[in-house]
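First comes the structure, then the notes that go with it.
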Amino acid sequence: MMQPRVISRTDDLLTRRATAVPRGVFNAAPIFAEWAEGARLRDVDGREYIDFSGGLGVLAVGHRHPAVVDAIRRQLERYLHTCFHVAMYEPYVALAERLNALAPGRFPKKTMFTNSGAEAVENAVKIARAATGRKAVLCFEHAFHGRTLFGLSLTSKVAPYKSGFGPFAPEVYRVAYPYPYRCVIGHAGSCTGHVIAAIEEAFRVLVDPADVAAVVVEPVTGEGGFIVPPSDFLPALAALCRRYGILLIADEVQTGFARTGRIFAVEHAGVEPDLLVTGKSLAGGLPLAAVTGRSEIMDAPQIGGLGGTYGGNPLACAAALAVLGVIEEQALVARARAIGEEIMAHFRAWQERFPSIGDVRGIGAMCGMELVEDRQSKAPARALTAAVLTASLERGLLILKSGVYDNVIRVLLPLIISDPDLDRGLGMLEDALISAHA
Ligand SMILES: Cc1ncc(COP(=O)(O)O)c(C=O)c1O
């Protein structure tokens, strides 16, 4: 008698997903989660993974950190939602106080909360416009600021993010981001001077600086390929902003909360942004993002001009307070640096072995390697990158790519990862590189 074909739970769910969920909602891997803890994840068919993706850079403290789970549980027993606009609650205020104290700058600050990074970016721009009375916004190539209309307007990767979705918001002006590996003027030193000159030129040919409300910048690009700008870039940009009365908005949605070996990446450059946008790792897996900034700027919008039904949900605020406690108690800033050194040592060794690894770069645990067809032309090796990711998954490693050319393998692992899991994950990545090159 013929045996009925056994359909795995994954196959069944993939079929249901294809029928029920639009293809535009992308998936980095064809797997469904069953359980996750720390830096490990198990799928519905019992396959185990080391997680170097951290739920897309959200899980600095790992999956289901006990302190976070406990904080959520305790909050759950009191109230779930009141809406901050209807009945206020302490966790919102307490978290605002914590972020005001944590954000760089010894000036009075205030914080508001949103549900997503994109929404926080939108609000930062609203606040900057209200505070300056100016309309234009300057942003960068290789930027990613989210999928809402203004976030998308600031974003600088056409396919798949922007294709077919215009028209975009007006008064957005874009200049080159300093990209040392692909510096357009091809010199060996810092590309900061070139980029600052390009902005000055933009003020002559594109937009009057007196009309520019804000510059929105990622201190290290996230979705844009983990590009680490030269160390003099952010200070030079901050000085330029000061010269023209333009507000500096740092988007630290991906770089924030210890990942780069500082609580915020701007600290490496000693820069104090007027507005700081955070999200992702802030609430350890619950949807929460924030805009923190100078009090007088944050208070510019009229009463009722800011907010939303769910922004700063009590569960998310309670989780975030626990996350900030864990980052401090488990010394995750120092841990990010140690992890980064370990990863970069591997990346550098692999770069010597594999000619396709054109560039390795990183800051703290935010490390990436850029794959190219050959080191002369630097043509992006998109297919090879995809092959490495597939081979990694087959070996039990969840890891992501990024970059405008889809050729940067990036590490966004939980900073609480154990040394053995870090080593195992790096071993799997090495095997995947070998097999993808074979
Ligand atoms: C730098 C940056 N800004 C904004 C966003 C958008 O955040 P969200 O997906 O929570 O809307 C992201 C998401 O990847 C990001 O990396």
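The values are calculated or read from the model by the stated rules, or taken from the named source; none is laboratory data. Please read these numbers as outputs of a predicted model, since none were measured by experiment. All Cβ positions, glycine included, derive from the backbone under ideal geometry; neighbour counts span all protein chains shown. Areas reflect the complete protein model, heavy atoms only, side chains present, ligands, DNA and RNA absent. Shrake-Rupley method; radii C 1.70, N 1.55, O 1.52, S 1.80 Å.
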Check your understanding: Would you call GLY425 under 27 Å from VAL184 (Cβ atoms) and in contact (Cβ under 8 Å) with a residue 24 or more places away in the chain?
Key -> no
Check your understanding: For segment 240-256, does any single residue satisfy the condition of being open to solvent by less than 10 Å² (accessible area, probe 1.4 Å), more than 16 Å from the ligand (Cβ to nearest atom) and either in contact (Cβ under 8 Å) with a residue 60 or more places away in the chain or among the aliphatic types (A, V, I, L, M) (or both)?
Key -> yes
Practice item. Could you check ALA159 against (1) out of contact with any helix residue (DSSP H, G or I) (no Cβ under 8 Å at 6 or more places or on another chain); (2) open to solvent by less than 10 Å² (accessible area, probe 1.4 Å); (3) away from the ligand (no atom under 16 Å from the Cβ); (4) of a type in the set (A, V, I, L, M) and say which number it fails? Key: (2)
Check your understanding: Conditions: (1) touching a residue at least 60 places away in the same chain (Cβ under 8 Å); (2) over 20 Å from the mean Cα position of the chain (by Cα); (3) farther than 23 Å from ILE416 by Cβ. THR111 meets all but one. Number of the miss?
Key -> (2)
Review point. Mind checking whether some residue in segment 52-75 is closer than 26 Å to PRO178 by Cβ and in contact with a His (Cβ under 6 Å, 6 or more places away or on another chain)?
Key: no
Check your understanding: Hey, among ALA239, ALA265, which residue is under 23 Å from GLY62 (Cβ atoms) and of a type outside the set (Ser, Thr, Tyr)?
Key -> ALA265
Check your understanding: Of LEU154, LEU138, LEU149, LEU206, which residue is within 24 Å of the chain's Cα centre (by Cα) and open to solvent by 60 Å² or more (accessible area, probe 1.4 Å)?
Key -> LEU149
Check your understanding: Can we say ALA322 is more than 26 Å from PRO230 (Cα to Cα) and touching a residue at least 24 places away in the same chain (Cβ under 8 Å)?
Key -> yes
Point to revise | Condition check for VAL172: more than 30 Å from TYR79 (Cα to Cα), touching a residue at least 24 places away in the same chain (Cβ under 8 Å), open to solvent by less than 20 Å² (accessible area, probe 1.4 Å) and among the hydrophobic types (A, V, I, L, M, F, W, C) | key: no
Practice item. Give the number of residues within segment 191-224 that are within 24 Å of TYR161 (Cα to Cα) and more than 16 Å from the ligand (Cβ to nearest atom). Key: 0
Point to revise | Enumeration of residues in segment 276-286 that are of a type outside the set (Lys, Arg) and within 13 Å of the ligand (Cβ to nearest atom) | key: LEU276, VAL277, THR278, GLY279, SER281, LEU282, ALA283, GLY285, LEU286
Revision key, fill the gap. THR111 passes all but one of the listed conditions (1) open to solvent by 70 Å² or more (accessible area, probe 1.4 Å); (2) closer than 22 Å to GLY284 by Cβ; (3) not acidic (Asp, Glu); the exception is number (1)
Practice item. Only residues that are within 21 Å of the chain's Cα centre (by Cα) and either free of Cβ contacts under 8 Å to residues at least 24 places away in the same chain or farther than 26 Å from TYR161 by Cα (or both): list them for segment 38-63, please. Key: GLY38, ALA39, ARG40, LEU41, ILE50, VAL61, GLY62, HIS63
Review point. Looking at segment 351-407, which of its residues are over 16 Å from ALA436 (Cβ atoms) and among the basic types (Lys, Arg)?
Key: ARG361, ARG375, LYS378
**Study point:** segment 264-275, subset in a loop (DSSP other than H, G, I, E, B) and surrounded by fewer than 22 Cβ atoms within 10 Å (Cβ to Cβ), residue nearest to the ligand (Cβ to nearest atom)
**Key:** GLU272
Practice item. For ARG395, indicate whether it is touching an Asp or Glu at 6+ places or on another chain (Cβ under 7 Å) and surrounded by fewer than 21 Cβ atoms within 10 Å (Cβ to Cβ). Key: yes
